[in-house]
Amino acid sequence: GAGVSQTPSNKVTEKGKYVELRCDPISGHTALYWYRQSLGQGPEFLIYFQGTGAADDSGLPNDRFFAVRPEGSVSTLKIQRTERGDSAVYLCASSLRPQGANGELFFGEGSRLTVL
Amino acid sequence: DAKTTQPTSMDCAEGRAANLPCNHSTISGNEYVYWYRQIHSQGPQYIIHGLKNNETNEMASLIITEDRKSSTLILPHATLRDTAVYYCIVRPFSSGSARQLTFGSGTQLTVLP
């Protein structure tokens, strides 16, 4: 597709369950980012991939959160033992190059996670 | 990272210019000013960025003061579809990390018919 695709668009789960959120970036974009957005707040950085490797994972809140990008394209954000506080919209973005002078990010529409 | 300050909300009449201010008084010489917007239930969308010169593209104009401590995003003829949260972000020029794209709470712009 032409833009960043995220699935599922909505996910409802129970506390303690495991969740995977998928991001399909724009073709050819080497940089991929995950953000989390709580209601009424701006997006909060989680992790950044350059190619297959996580170049910066300093935004991951704790070790229940993990992300992979094994072939340098699609990425999966994994959340173990979900908690109600994990409820948020998880946004994925990609860019043609790492954030240099023209570091425009292209965002997907997000995956809304609700933990009951 | 330089912190930005934006009004929480603004209204603008349809067809008029919308002028969104941003204060970034602690901005460093190597930091750019970026603007993104987020329409309800969508991901953020890049609008424009600049270093010290005024910039214009098909979406908006960016006016940066000479001392670079503040800037204004101008939507010349606002439409109802411009209703969104507008984020002003400052970010270092050469960043090895995406962390520096730090979103604040932004300005909720409501364009009124």
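The values are calculated or read from the model by the stated rules, or taken from the named source; none is laboratory data. Computed from a prediction, not measured in an experiment: that's the story for all the values here. Methodologically, a virtual Cβ is constructed for each residue, glycine included, from the backbone with ideal geometry; neighbour enumeration extends over all protein chains shown. Remember, those area values only see protein heavy atoms, side chains included, never the ligands or the DNA or RNA. Shrake-Rupley method; radii C 1.70, N 1.55, O 1.52, S 1.80 Å.
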- Message: Taking the criterion of being away from every other protein chain (no Cβ under 14 Å), hydroxyl-bearing (S, T, Y), part of a loop (DSSP other than H, G, I, E, B) and out of contact with any Phe, Trp or Tyr (no Cβ under 8 Å at 6 or more places or on another chain), would at least one residue in the range B:84-101 satisfy it?
- Response: no
- Task: Working carefully through the options A:K15, A:K78, find the one that is touching a Ser or Thr at 6+ places or on another chain (Cβ under 9 Å), away from chain B (no Cβ under 12 Å) and either assigned to a strand (DSSP E or B) or open to solvent by 80 Å² or more (accessible area, probe 1.4 Å) (or both).
- Result: A:K15
- Item | Tabulated pairs, the range A:54-66, first within 14 Å of chain B (Cβ to nearest Cβ) and modelled with pLDDT of 95 or more, second part of a strand (DSSP E or B) and open to solvent by less than 60 Å² (accessible area, probe 1.4 Å), C-beta under 6 angstrom, 6+ apart or interchain | A:L60/A:L46; A:L60/A:I47
- Looking only at residues in the range A:22-49 that are at the interface with chain B (Cβ under 9 Å from one of its Cβ atoms) and of a type in the set (S, T, N, Q), which one is farthest from A:D86 (Cα to Cα)? A:Q41
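Rundown of residues vs (1) surrounded by fewer than 16 Cβ atoms within 10 Å (Cβ to Cβ); (2) part of a loop (DSSP other than H, G, I, E, B), yes/no style:
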residue: A:A2; (1), (2): yes, yes
residue: A:S27; (1), (2): yes, yes
residue: A:F66; (1), (2): yes, no
residue: A:V89; (1), (2): no, no
- Tell me which residues, restricted to the range A:29-45, are of a type outside the set (F, W, Y) and in a strand (DSSP E or B). A:A31, A:L32, A:R36, A:Q37, A:E44
- Item | Condition broken by B:A78, with the remaining ones in (1) part of a strand (DSSP E or B); (2) over 27 Å from A:Y90 (Cα atoms); (3) open to solvent by less than 40 Å² (accessible area, probe 1.4 Å) satisfied | (1)
- Note on the range B:29-39: residues under 17 Å from the mean Cα position of the chain (by Cα) and either at positive phi or not acidic (D, E) (or both) are B:Y32, B:V33, B:Y34, B:W35, B:Y36, B:R37, B:Q38, B:I39
- Query: Out of curiosity, is B:S28 among the small types (G, A, S) and touching a residue at least 60 places away in the same chain (Cβ under 8 Å)?
  - Reply: yes
- Can you tell me which residue among B:G106, B:G15 is open to solvent by less than 70 Å² (accessible area, probe 1.4 Å) and under 21 Å from A:Q37 (Cβ atoms)? B:G106
